[in-house]
């Protein structure tokens with residue numbers, strides 16, 4: 001009788017899930033905390049992916065007002081998402097798929113569609129458990145798609161709100177099924193009231209108890225505060241929140257978000273998580289390149305002054321820089337790489353309509369006009385673009401910033417005084433910027449959600465141009481978000497008048513990059529796409545780098 005050979009099988013280790021929730025108040029840094037934890041675990045040799053759950057009924061972030069929600073970040077596959085997805089991509093240096101983002105609206109939409117297709121076999125479909133189970137399905141699918149060892153899941157909002165309770169229930173269900181695979185991190189604010197002068201832990205205690213009342217216990221507390229939390233407060237939180245003293249992590253305000261992974265590592269956060277979830281981590285984090293980037297950003301002294309002319313900066317008496325966060329970070333990465341200190345000034349285009357002096361732009365080394373929609377502030381942007389073109393101040397226009405650069409040129413160089421964009425004045429005599437053919441029917445039907453030209457598309461670059469020299473490539477892939485384009489009927493006239501369309505779609509129909517020759521202007525470039533979405537701390541975007549370089553050299 002022949003003896004059979006035994007076959008040894010190695011069982012695949014279970015994927016671990018870390019949920020990040022907020023306590024006390026919103027806006028204390030859950031997204032950056034999630035990004036930093038993901039970075040630390042990645043630096044320990046683990047495959048990590050990150051998910052954002054937004055508790056809005058909106059199906060995606062594309063229809064949200066940026067002054068309310070901040071930047072809309074577009075993923076490679078075209079989904080319009082929350083700005084935290086941009087933070088995840090920048091910290092992890094990866095492209096994330098659409099399965100990594102969900103909203104209450106998208107989850108309900110999936111459940112309802114499945115019910116309409118008899119996917120539930122005719123049974124009664126209920127809010128609980130079916131909505132949490134759909135969230136769990138998506139979370140697990142994201143982990144499987146990435147082949148991840150660890151999945152970071154940030155739940156938007158603050159514990160105790162009605163909006164995110166179904167996602168908290170999803171955490172409870174997952175933790176009940178496999179407690180050894182689930183970690184819960186709470187990012188909570190510890191205020192220091194000026195009239196008292198003492199850091200207070202009571203709001204965080206209440207937040208932890210509120211989460212506990214939903215059946216979810218906290219494993220790690222990230223103690224956000226104006227200053228470092230002392231041992232006495234750590235002991236208080238550990239005792240009354242039922243966590244170990246070492247699991248209370250101090251997270252004081254810092255000058256740069258890129259300091260946070262280093263700060264957390266000093267508090268042994270990745271070590272605590274590896275032990276809690278029994279992860280096979282490297283003994284220490286390999287953060288050398290990250291630390292070099294952070295160190296260089298602090299050493300730069302030579303300034304380069306950049307004005308960003310936006311229309312979404314103002315919200316009451318406050319300035320909302322988050323609306324253009326990817327643009328601002330992309331400027332920083334390129335400046336640091338060139339050994340320069342970026343001094344970024346936010347200017348509202350509306351102020352230039354109200355009489356703000358255009359000569360104020362002379363004190364800047366470069367001017368950038370980011371994307372946007374609608375009529376507000378457009379005349380101000382056109383004035384700015386005309387001024388920087390005539391006065392040879394380096395200019396970089398993104399999406400609407402490119403369209404308006406073309407429009408300004410048509411008005412003032414081609415002398416088409418009635419030139420306009422179809423977005424502003426569809427009845428104008430010269431629609432230099434027109435609606436894309438495939439968008440006309442969508443606009444007519446009111447199909448406005450998730451229907452723009454979205455995601456990554458190729459562009460071919462022309463020889464001898466700024467774009468070609470910047471990219472050092474014949475073809476590039478960039479992310480888009482627009483409905484309008486340079487009207488093909490005006491391309492020849494614009495080119496004859498001096499405009500160079502240095503990047504075009506492979507079929508030659510869509511103008512992806514416009515520029516003016518170096519002998520005419522030191523740097524005047526516009527892109528129909530959004531290059532800022534692919535800029536990373538350790539990989540600055542070539543167009544931002546060439547813009548910053550020209551701005552510095554031209555001054």
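The values are calculated or read from the model by the stated rules, or taken from the named source; none is laboratory data. Only a predicted model underlies this, so the values are computations on that prediction, with no experimental measurement involved. Neighbour counts are summed over all protein chains in view; Cβ atoms, including those assigned to glycine, are modelled from backbone coordinates with ideal geometry.
Quick notes on this structure:
- Residue tally, condition part of a helix (DSSP H, G or I) and surrounded by 20 or more Cβ atoms within 10 Å (Cβ to Cβ), over the range 33-70: 13
- In the condition set (1) part of a loop (DSSP other than H, G, I, E, B); (2) in contact (Cβ under 8 Å) with a residue 40 or more places away in the chain; (3) within 30 Å of residue 97 (Cα to Cα), residue 507 is compliant with all but (2).
- Summed over the range 342-383, the residues that are surrounded by 15 or more Cβ atoms within 10 Å (Cβ to Cβ), within 21 Å of residue 549 (Cα to Cα) and touching a residue at least 40 places away in the same chain (Cβ under 8 Å) give a count of 9.
- Residues in the range 366-400 that are out of contact with any strand residue (DSSP E or B) (no Cβ under 7 Å at 6 or more places or on another chain) and farther than 28 Å from residue 426 by Cβ: 390, 391, 392.
- When restricted to residues that are touching a residue at least 12 places away in the same chain (Cβ under 8 Å) and within 21 Å of residue 208 (Cα to Cα), the range 9-51 contains 18.
- Where residue 4 falls short, out of the listed (1) in contact with a strand residue (DSSP E or B) (Cβ under 6 Å, 6 or more places away or on another chain); (2) modelled with pLDDT under 85: (1)
- The range 519-536, subset outside any strand (DSSP E or B) and in contact with a helix residue (DSSP H, G or I) (Cβ under 7 Å, 6 or more places away or on another chain), residue surrounded by the fewest Cβ atoms within 10 Å (Cβ to Cβ): 522
- Residues of the range 206-262 satisfying the condition of being without any contact (Cβ under 8 Å) to a residue 24 or more places away in the chain and touching a strand residue (DSSP E or B) at 6+ places or on another chain (Cβ under 7 Å): 234, 238
- Residue match in the range 95-117 (condition: surrounded by fewer than 24 Cβ atoms within 10 Å (Cβ to Cβ), under 19 Å from residue 539 (Cα atoms) and under 24 Å from the mean Cα position of the chain (by Cα)): yes
- Of the listed requirements (1) modelled with pLDDT of 95 or more; (2) surrounded by fewer than 23 Cβ atoms within 10 Å (Cβ to Cβ), residue 194 misses just one: (1).
- Residue 250 vs. criteria modelled with pLDDT under 95 and either crowded, with 23+ Cβ neighbours inside 10 Å or outside any helix (DSSP H, G or I) (or both): no
- When residue 407 is tested against (1) out of contact with any helix residue (DSSP H, G or I) (no Cβ under 9 Å at 6 or more places or on another chain); (2) within 21 Å of residue 522 (Cα to Cα), just one condition goes unmet, and that condition is (1).
- Condition check for residue 279 on (1) outside the structural domain of residue 73 (by TED's automatic domain parsing); (2) in a loop (DSSP other than H, G, I, E, B); (3) at negative phi: one failure, at (1).
- Beta carbons closer than 6 Å, at least 6 apart along the sequence or on distinct chains, pair a first residue in the range 130-151 that is within 17 Å of residue 96 (Cα to Cα) with a second that is part of a helix (DSSP H, G or I) for 141/99; 142/99; 142/100; 145/99; 150/41; 151/143.
Each row is one residue, and each column tells you yes or no for (1) in the same structural domain as residue 386 (by TED's automatic domain parsing); (2) modelled with pLDDT of 95 or more; (3) closer than 21 Å to residue 408 by Cβ.
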site	(1), (2), (3)
438	yes, no, no
455	yes, yes, no
505	yes, yes, no
521	yes, yes, yes
543	yes, yes, yes
